[in-house]
Amino acid sequence: MKTKLTTILLALTATLVLAHEGVELGPNKGRILEFSTNETMHGEVAAKDGKLLIAILDKDMKPVKIEAQSVTATAGSREKPVKLEVTKNESGFTVPAPKEGEWLILQYKDSASAKPITARLHYNEKKCAPCGSPEWRCACGKKK
Ligand SMILES: [Zn+2]
């Protein structure tokens, strides 16, 4: 993500909205989640047919081959967490979309013996007016 174009786009965005909340979008316009403790692994969450596709990207936002990695997903409420069924294939992981307003909690593991990394996403489907994307994958930052 260190191309000149990205820098220019970021600069433009920064002048339009002053407070950038740190939401980052990936090459598939999905929401980037941190899947490591040092920015070397990312998850990109994109929506398709009522499901969420989670691709694994390296530090340069390039897709990583899916081998030993695993993801577990939990949604629901704090009182009543619901485990979501995760399907794994060669391009990533698929989970059913949580209900509007729920938190999606993902636990990512590089391999069976790796320490799990927890990433959270507030699944707010309300459309953001400036960009037309649902809030959960809107990179506009705070707008109020
Ligand atoms: Zn937006």
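Quick notes on this structure:
- Net dipole in debye of the stretch 20-144 [+1 Lys, Arg Cβ; -1 Asp, Glu Cβ; about Cα centre; nearest 20]: 360 debye
- Full-stretch length increase - K65, T87 - with 0.36 nm per residue and alpha-carbon distance subtracted: 6.4 nm
- Whole-Å semi-axes of the stretch 20-137's equivalent ellipsoid (Cα gyration tensor): 21, 18, 13
- Per DSSP, loop GluC sites (Glu not before Pro) in the stretch 75-144 with at most 15 further Cβ within 10 Å: E79, E85, E90, E100, E125
- Distances between placed amide hydrogens fall under 5 Å for L52 paired with V95, A97, all partners being 5 or more residues away or on another chain.
- Put a dot 7 Å past the Cα of S77, heading toward its Cβ, do the same for A129, and the two dots end up 3.1 nm apart.
None of the figures in this text is laboratory data; all of them are computed from the coordinates on show. Only a predicted model underlies this, so the values are computations on that prediction, with no experimental measurement involved. Ideal geometry is used to build each Cβ from the backbone, glycine not excepted, and the neighbour counts take in all protein chains shown.
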